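What follows is a short report on a single structure.
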Amino acid sequence: MNSGSTDIDLLIEARWVVPVEPHGVVLEHHAVAVDKGAIVALLPIAEARARYVPRERVELGEHALIPGLVNCHTHNPMTLLRGLADDLPLMVWLQQHIWPAEAKVIGPEFVRDGVELAVAEMLRGGTTCANENYFFPDVIGATYRRLGFRAVVGLPVIEFPTAWAKSQDEYFERAAEVHDSFRGDALVSTAFAPHAPYTVSDQSFERIRVLADQLDIPVHLHTHETAHEVEEEKKKSGLRPFQRLQKLGLVNDRLIAVHMTQMTDGEIAACAEAGVSVVHCPESNLKLASGFCPAEKLRKAGVNVAIGTDGCASNNDLDMFGETRTAAMLAKAVANDAAAFDAAYALRAATLNGARAMGLDAKIGSIEPGKQADLSAVRLSDLETQPLFHVASQLVYATGRHQVTDVWIAGARKLAGRVLVDMDTDGILARTHAWRERIAAIDAPAPVMA
Ligand SMILES: [Zn+2]
């Protein structure tokens, strides 16, 4: 051992490192030193070799090392409903296919198996953190914890009985129990997840506001998803949903507002001023013909814009590379400006901005000393990403998730040479197939195509 050198757990040497912070920087021939799950240094490879004695050294000579991608809005148990019904109007899709199927299968086993399939898919696509929103958050959180995957688990609140809770009081009692059970957990934390303004009462929102402040957790909800939603709320309360949330005191830096396809300039300014995070879910919005989030206007106004896939029933994948590309392109189209939502910003939206929305930006989202080692390695030597002029644009505009080779969460290797570490892939596929048989038997026959 060299005198003056330090023992560490892991040294990852990469052709390129995209730290995301500082913004727009791409480092060449740099190494990330990791010890006890955290990043201890980011420095040139030669210096790293002189300074550290790693127990494991990984050489990524053809790769870009990036922060693990952060999927800021998803319903991962619904991965088991992928492709059940497509190309249908929103209400036909929901009322005739998704809800009836869900009603028959929802429960702890469905939730556990859906999340496990989702974790496998996310890891193979370079995603290391999910902002989750579904029923049975106890089982969801336990599954993420067991698999060593980072997540913020939504505590659902909705104004009608479900398999998870029968009354308003029960939703809140169970939310408190689940929150307590994950207090201090290294990987899993919680957020309130009121479904949407049109399914949650003022009274519940008031309870959520008080409790979210006390527990110091985010509030994650769908809103302004469609023009129809905004019109219906105006008929009911005389207010736009956002105005109602403002009146209830929920427009603040805890709020994670998902979709936001309908926004006035005043609402955009209010989001910026209050520190609201907006989650852009372009593929779900496009597929359900919901509308277009003004992502570039939000960015310009200084709003924290993150990216989410939404659930697999409306996407139909958890591919954050694909989603980030779509987000950037849609933002350009909506802004009528090719320079809008550039590649460096798109990468930031898919990493650090998602972390910030979830209150995790001190911990993850960029490759900086002191942060957790949540990292993804992307092989850029494939012919699909050659020739290579600009790393950030290649990652956003040309890279496919199949180019993700290795993934770490809190310094633990989760994907090695595209193979899932410590996950029973055959078992996941067998359970998924069993669910497929059960769900196909429930779902009404698909309409015959002419
Ligand atoms: Zn959603």
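The values are calculated or read from the model by the stated rules, or taken from the named source; none is laboratory data. What you are looking at is a predicted structure, and each value in this text was computed from that prediction instead of being measured. Here the Cβ is made from the backbone with ideal geometry for all residues, glycine too, and neighbour counts use every protein chain on show. Note: areas computed on protein heavy atoms with side chains; ligands, DNA, RNA excluded. Shrake-Rupley method; radii C 1.70, N 1.55, O 1.52, S 1.80 Å.
Filter the range 231-267 down to residues that are polar (S, T, N, Q), assigned to a helix (DSSP H, G or I) and within 16 Å of the ligand (Cβ to nearest atom), then give me how many there are. Don't jump to the end; show me each part of the working.
In the first step, residues of the range 231-267 are kept if they are polar (S, T, N, Q); the result is 237, 243, 246, 252, 261-262, 264.
Then keep just the ones that are assigned to a helix (DSSP H, G or I); that gives 237, 243, 246.
Among the residues that remain, those that are also within 16 Å of the ligand (Cβ to nearest atom) are: none.
Number satisfying all stated conditions: 0.
Being basic (Lys, Arg) and within 16 Å of the ligand (Cβ to nearest atom) is the filter here; which residues of the range 43-99 pass it?
Restricting attention to the range 43-99, the residues satisfying the condition of being basic (Lys, Arg) are 49, 51, 55, 57, 82.
Matches in the range 43-99: Arg82 only.
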(Q) For the range 204-215, check the following and say yes or no: at least one residue is within 16 Å of the ligand (Cβ to nearest atom) and without any contact (Cβ under 8 Å) to a residue 60 or more places away in the chain. (A) no
Does Glu13 satisfy the condition of being of a type in the set (D, E, K, R), in contact (Cβ under 8 Å) with a residue 24 or more places away in the chain, open to solvent by less than 10 Å² (accessible area, probe 1.4 Å) and under 19 Å from Ala377 (Cβ atoms)? yes
Restricted to the range 297-332 and to residues being touching a Phe, Trp or Tyr at 6+ places or on another chain (Cβ under 8 Å) and open to solvent by 10 Å² or more (accessible area, probe 1.4 Å), the residue nearest to the ligand (Cβ to nearest atom) is Leu330
Going through (1) within 16 Å of the ligand (Cβ to nearest atom); (2) open to solvent by 30 Å² or more (accessible area, probe 1.4 Å); (3) in contact with a Gly (Cβ under 8 Å, 6 or more places away or on another chain) one by one, Lys287 fails only at (3)
Just one listed residue, out of Val58, Val32, Val53, Val40, is open to solvent by 60 Å² or more (accessible area, probe 1.4 Å), hydrophobic (A, V, I, L, M, F, W, C) and outside any loop (DSSP other than H, G, I, E, B), and it is Val40
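Looking only at the range 17-29, count how many residues are closer than 27 Å to Leu187 by Cα and open to solvent by 30 Å² or more (accessible area, probe 1.4 Å).
First pass over the range 17-29, keeping only residues closer than 27 Å to Leu187 by Cα: 17-23.
Subsequent filtering for residues that are open to solvent by 30 Å² or more (accessible area, probe 1.4 Å) retains 21-23.
Of the residues in that region, 3 qualify.
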All-but-one check, His220 against (1) away from the ligand (no atom under 16 Å from the Cβ); (2) of a type outside the set (Lys, Arg); (3) closer than 19 Å to Leu298 by Cα, failing number (1)
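State all residues of the range 205-235 that are in contact with a helix residue (DSSP H, G or I) (Cβ under 8 Å, 6 or more places away or on another chain) and loosely packed, with under 15 Cβ neighbours inside 10 Å; if no residue qualifies, say none.
As a first pass, look at the range 205-235 and keep what is in contact with a helix residue (DSSP H, G or I) (Cβ under 8 Å, 6 or more places away or on another chain): 205, 207, 211, 215, 217-219, 221, 223-226, 229-230, 232-233.
Glu232, the sole residue that qualifies.
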In the set Gly411, Gly359, Gly417, Gly370, the lone residue that is free of Cβ contacts under 8 Å to residues at least 24 places away in the same chain and open to solvent by 20 Å² or more (accessible area, probe 1.4 Å) is Gly417
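Considering only the range 69-78, I want to know if a residue exists there that is more than 30 Å from Gly107 (Cα to Cα) and open to solvent by less than 10 Å² (accessible area, probe 1.4 Å). Write out each step before concluding.
Residues of the range 69-78 more than 30 Å from Gly107 (Cα to Cα): none.
No, the range 69-78 contains no residue that is more than 30 Å from Gly107 (Cα to Cα) and open to solvent by less than 10 Å² (accessible area, probe 1.4 Å).
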task: Evaluate the range 334-347: report whether one residue or more is within 16 Å of the ligand (Cβ to nearest atom), within 30 Å of Glu273 (Cα to Cα) and outside any strand (DSSP E or B).
output: no
Log entry, pairs with first residue in the range 259-272 being at negative phi and of a type in the set (Val, Ile, Thr), second being assigned to a loop (DSSP other than H, G, I, E, B) and away from the ligand (no atom under 16 Å from the Cβ), beta carbons closer than 6 Å, six or more apart or on different chains, reads Thr261/Phe292
For the range 74-100, pairs from a residue that is among the acidic types (Asp, Glu) to a residue that is part of a helix (DSSP H, G or I) and open to solvent by 50 Å² or more (accessible area, probe 1.4 Å), with Cβ under 9 Å and 6 or more apart or across chains, are Asp86/Lys287; Asp87/Lys287
When the range 16-34 is checked residue by residue, the ones that are hydrophobic (A, V, I, L, M, F, W, C) and either closer than 23 Å to Pro54 by Cβ or touching a residue at least 60 places away in the same chain (Cβ under 8 Å) (or both) are Trp16, Val17, Val18, Val20, Val26, Leu27, Ala31, Val32, Ala33, Val34
With the first residue restricted to the range 293-309 and required to be on the phi > 0 side of the Ramachandran plot and assigned by TED's automatic domain parsing to the domain that holds Tyr345, and the second required to be open to solvent by 10 Å² or more (accessible area, probe 1.4 Å) and not acidic (Asp, Glu), Cβ contacts under 8 Å at 6 or more apart or on different chains are Gly302/Ala272
